[in-house]
Number of protein chains: 2
Amino acid sequence: MNSFELSKTAAKRLAGKAVLTPLLRSDLLDAELGGRLFIKAECLQRTGSFKFRGAFNKLTSLDAATRNAGVVAFSSGNHGQAVALAARLYDTNATIIMPKDAPAIKIENTRRYGAKIVLYDRVSEDRESIAAGICSETGASLVPPFNDREIMAGQGTMALELLEQIGAAGERLDAVLAGSSGGGLVGGIAAVCAEAAPHVRVHSVEPEGFDDLKRSLELGARVRNSRISGSICDALLSAIPGIIPFEILKAHASPGFVVSDDEVRHVMATAFRYFRLVIEPGGAAALAAVLSGKCPIEGRTVVVVASGGNVDPSLFKDVLNTMH
Amino acid sequence: MNSFELSKTAAKRLAGKAVLTPLLRSDLLDAELGGRLFIKAECLQRTGSFKFRGAFNKLTSLDAATRNAGVVAFSSGNHGQAVALAARLYDTNATIIMPKDAPAIKIENTRRYGAKIVLYDRVSEDRESIAAGICSETGASLVPPFNDREIMAGQGTMALELLEQIGAAGERLDAVLAGSSGGGLVGGIAAVCAEAAPHVRVHSVEPEGFDDLKRSLELGARVRNSRISGSICDALLSAIPGIIPFEILKAHASPGFVVSDDEVRHVMATAFRYFRLVIEPGGAAALAAVLSGKCPIEGRTVVVVASGGNVDPSLFKDVLNTMH
């Protein structure tokens with residue numbers, strides 16, 4: 001099966017399990033922007049991010065004996081919560097390897113979904129080798145965050161939904177923007193749009209200093225970020241695009257955008273004000289590319305994915321302080 | 001037509017105009033509560049509250065000549081925004097009479113939807129006579145906030161939606177809770193449930209000191225609040241239940257609940273944490289009745305309506321400060 005067909009299969013598996021998240025718009029903001037801006041509110045997804053789609057689809061794709069031996073994932077927090085809940089729904093064990101500096105809300109939630117947590121230091125330790133060690137010791141399977149066809153297909157189910165929702169709203173879609181860490185989300189969207197809506201432009205959005213995908217797309221080859229921390233967009237800090245999503249993106253993605261932490265903070269306040277949504281920094285990146293004017297939407301119909309909403313209250317208070 | 005049939009007509013009018021708001025749940029919170037708690041997220045409705053349903057339905061029910069002469073409404077803010085947008089969609093003028101102490105975000109939004117704003121003092125001035133004066137001067141029609149069959153039928157469309165959504169989720173609904181000001185929302189819900197799901201208990205929720213509906217239901221006759229201000233639930237401060245909703249509620253509602261401002265603040269933080277939703281104080285009252293333990297949900301399936309999300313950032317910051 002190609003990626004589009006894998007996404008259609010994933011959509012059947014996720015029916016009744018994942019939330020069919022709403023596509024929201026603001027009359028006031030549209031009047032200001034002169035275009036039609038829709039938010040696909042994945043911050044309302046189970047576990048608070050789109051990651052549940054890929055994780056549940058991946059666990060479903062495993063044979064029962066493999067799944068029953070347990071799963072392992074490394075994650076800044078959203079993939080970890082998603083794998084933890086998917087494992088609980090399948091009544092199997094999950095071990096999640098998380099950086100010590102992950103948002104407290106993400107660590108606490110992952111634990112409460114029933115997973116065993118292993119914290120590591122992002123500078124001195126390598127999460128992939130910690131995960132490999134646990135897998136070989138326990139016989140558990142690794143659930144990768146993005147470089148996996150079933151994970152990417154799960155994320156792509158969101159694109160199937162939003163194309164249907166846009167059609168029901170009587171709109172013709174011009175572009176979709178989504179934040180990118182390893183490219184699993186935007187790759188899944190690109191794979192679906194390439195087949196089902198090839199006229200739609202699919203753009204990745206990354207934080208300043210972590211624009212590995214944007215630069216990789218320009219070069220036609222995967223390049224790495226020089227930094228591993230230093231943006232409030234904790235969910236978007238992967239070092240390099242995944243091989244599998246990059247193959248799709250190289251063929252089907254439009255140029256990427258880059259946004260600053262200040263632009264992201266401002267947009268989190270805008271989402272509070274106009275959409276009544278709590279969006280985490282990484283989840284606000286796509287909206288920031290539009291509201292900063294980098295992706296103009298005048299006369300166009302554009303969907304931005306609000307990919308997650310797990311944000312510590314202290315950071316959200318700082319964001320509200322930026323409002324006049 | 002009876003109220004149920006009016007709601008079905010309203011649902012047809014609202015299709016493609018109102019947001020089909022999602023029914024959300026939290027795996028973590030459900031595990032804690034031992035029940036199935038769903039939030040009907042009307043804070044994601046157009047204009048940020050359920051009020052758009054009633055306002056748009058009412059304007060649709062007017063004949064064109066009447067509607068073109070303009071509309072007038074008095075409102076603490078959510079009904080005002082809803083009437084302002086509905087008027088704009090019908091290309092007619094709206095004048096909204098709002099208390100000077102309404103939340104700044106509600107006054108500003110109402111103006112930006114294109115309405116003329118008249119501010120009044122809640123202690124020394126009477127909003128109904130101001131509205132009557134404008135109507136007789138200009139020939140405009142009053143769009144009442146709740147004591148109107150078309151308004152109540154519009155609000156009732158939310159109940160049609162949530163019954164369908166609960167059915168699609170494979171659940172059998174036990175109870176619905178919604179905040180009450182004049183009773184338009186909870187009356188609309190009760191009218192629909194009485195016909196379509198008579199086993200469902202419908203409870204109103206009011207702030208302490210403003211429990212006119214609860215006491216009226218106990219007495220079987222409408223009684224008035226002694227206070228006109230003094231709760232953070234600015235949307236729930238009407239003096240007395242509307243005659244039309246009370247007739248329905250007297251026959252079909254279960255006993256009402258009362259919540260404190262502190263319980264409401266706590267629940268706004270919970271909604272941020274577990275649902276990634278921005279809920280205003282009045283919109284959080286129904287959830288507060290559950291999370292305070294006043295309406296136990298162990299072993300039950302309960303929907304609470306998050307009726308609005310228009311809250312000033314300064315108040316929301318105070319709420320986040322209550323989180324540990």
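Does residue A:308 fit the bill of being open to solvent by less than 20 Å² (accessible area, probe 1.4 Å), modelled with pLDDT of 95 or more, within 14 Å of chain B (Cβ to nearest Cβ) and under 15 Å from residue A:177 (Cα atoms)?
Details: open to solvent by less than 20 Å² (accessible area, probe 1.4 Å): yes; modelled with pLDDT of 95 or more: yes; within 14 Å of chain B (Cβ to nearest Cβ): yes; under 15 Å from residue A:177 (Cα atoms): yes.
In short, yes.
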### Message
Here is a check on your reading of the model: is residue A:252 within 14 Å of another protein chain (Cβ to nearest Cβ) and open to solvent by 40 Å² or more (accessible area, probe 1.4 Å)?
### Response
no
### Summary
Flagged pairs (Cβ under 9 angstrom, 6 or more apart or on separate chains; first in the stretch B:151-173, without any contact (Cβ under 8 Å) to a residue 60 or more places away in the chain; second part of a helix (DSSP H, G or I) and crowded, with 24+ Cβ neighbours inside 10 Å) are B:163/B:192; B:163/B:193
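For the stretch A:226-280, name all the residues that are among the hydroxyl-bearing types (Ser, Thr, Tyr) and under 25 Å from residue A:126 (Cβ atoms). Before you say what the answer is, go through the steps one by one.
To start, the set of residues in the stretch A:226-280 that are among the hydroxyl-bearing types (Ser, Thr, Tyr) comprises A:226, A:229, A:231, A:238, A:254, A:260, A:270, A:274.
Passing the criteria: A:226, A:229, A:231, A:238.
Given the criteria of a type in the set (Phe, Trp, Tyr), in a helix (DSSP H, G or I) and either free of Cβ contacts under 8 Å to residues at least 60 places away in the same chain or open to solvent by 20 Å² or more (accessible area, probe 1.4 Å) (or both), does residue B:246 qualify?
Values: of a type in the set (Phe, Trp, Tyr): yes; in a helix (DSSP H, G or I): yes; either free of Cβ contacts under 8 Å to residues at least 60 places away in the same chain or open to solvent by 20 Å² or more (accessible area, probe 1.4 Å) (or both): no.
No, not satisfied.
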### Summary
The lone condition residue A:318 fails out of (1) within 14 Å of chain B (Cβ to nearest Cβ); (2) touching a Ser or Thr at 6+ places or on another chain (Cβ under 8 Å); (3) farther than 20 Å from residue A:44 by Cα is (2)
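Hey, which of the helices (runs of 4 or more DSSP H) in the stretch A:54-143, taking only ones fully inside, have at least 2 residues that are over 23 Å from residue A:307 (Cα atoms)?
Working: elements: A:64-68, A:78-89, A:104-112, A:127-138.
In the stretch A:54-143, the matching helices (runs of 4 or more DSSP H) lie at A:64-68, A:127-138.
Restricting to the stretch A:257-289, count the residues that are hydrophobic (A, V, I, L, M, F, W, C), more than 9 Å from chain B (Cβ to nearest Cβ) and surrounded by fewer than 24 Cβ atoms within 10 Å (Cβ to Cβ).
From the stretch A:257-289, those hydrophobic (A, V, I, L, M, F, W, C) are A:257-259, A:264, A:267-269, A:271-272, A:275, A:277-279, A:284-289; that's our starting set.
Right, trim to more than 9 Å from chain B (Cβ to nearest Cβ) and you get A:257-259, A:264, A:267-268, A:284-289.
Adding the requirement that they be surrounded by fewer than 24 Cβ atoms within 10 Å (Cβ to Cβ) leaves A:257-258.
Going through the stretch A:257-289 one residue at a time, the tally reaches 2.
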### Query
Which one is nearest to residue B:256 (Cα to Cα) among residues in the stretch B:165-181 that are touching an Asp or Glu at 6+ places or on another chain (Cβ under 9 Å) and assigned to a loop (DSSP other than H, G, I, E, B)?
B:180
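Quick check on this structure: which one of A:69, A:55, A:94 is open to solvent by 30 Å² or more (accessible area, probe 1.4 Å) and in contact (Cβ under 8 Å) with a residue 24 or more places away in the chain?
On the way: A:55 fails: open to solvent by 30 Å² or more (accessible area, probe 1.4 Å); A:94 fails: open to solvent by 30 Å² or more (accessible area, probe 1.4 Å).
After ruling out the rest, the residue left standing is A:69.
Only one of B:23, B:44, B:85, B:62 is open to solvent by 20 Å² or more (accessible area, probe 1.4 Å), within 10 Å of chain A (Cβ to nearest Cβ) and modelled with pLDDT of 95 or more; which? Break it down into steps so the answer makes sense when it comes.
Working: B:44 fails: open to solvent by 20 Å² or more (accessible area, probe 1.4 Å); B:85 fails: open to solvent by 20 Å² or more (accessible area, probe 1.4 Å); B:62 fails: within 10 Å of chain A (Cβ to nearest Cβ).
Of the residues listed, the single one that is open to solvent by 20 Å² or more (accessible area, probe 1.4 Å), within 10 Å of chain A (Cβ to nearest Cβ) and modelled with pLDDT of 95 or more is B:23.
For the stretch B:217-234, indicate whether the set of residues that are closer than 30 Å to residue A:109 by Cβ, assigned to a helix (DSSP H, G or I) and touching a residue at least 40 places away in the same chain (Cβ under 8 Å) is non-empty. Can you show your working first?
First pass over the stretch B:217-234, keeping only residues closer than 30 Å to residue A:109 by Cβ: B:232-233.
Filter once more, so that each one left must be assigned to a helix (DSSP H, G or I): none.
No, that holds for no residue.
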#### Entry: Condition check for residue B:106: under 30 Å from residue B:298 (Cβ atoms) and within 14 Å of chain A (Cβ to nearest Cβ)
no
### Query
Which numbered condition trips up residue A:72, out of (1) under 23 Å from residue A:135 (Cβ atoms); (2) touching a Lys or Arg at 6+ places or on another chain (Cβ under 6 Å); (3) modelled with pLDDT of 95 or more?
(2)
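The values are calculated or read from the model by the stated rules, or taken from the named source; none is laboratory data. What you see is a predicted model, and the numbers here were worked out from it, not measured in a lab. FYI the Cβ positions are ideal-geometry reconstructions off the backbone, even for glycines, and counts take in every protein chain you see. These accessible areas exclude ligands, DNA and RNA; they are computed on the full protein's heavy atoms, side chains included. Shrake-Rupley method; radii C 1.70, N 1.55, O 1.52, S 1.80 Å.
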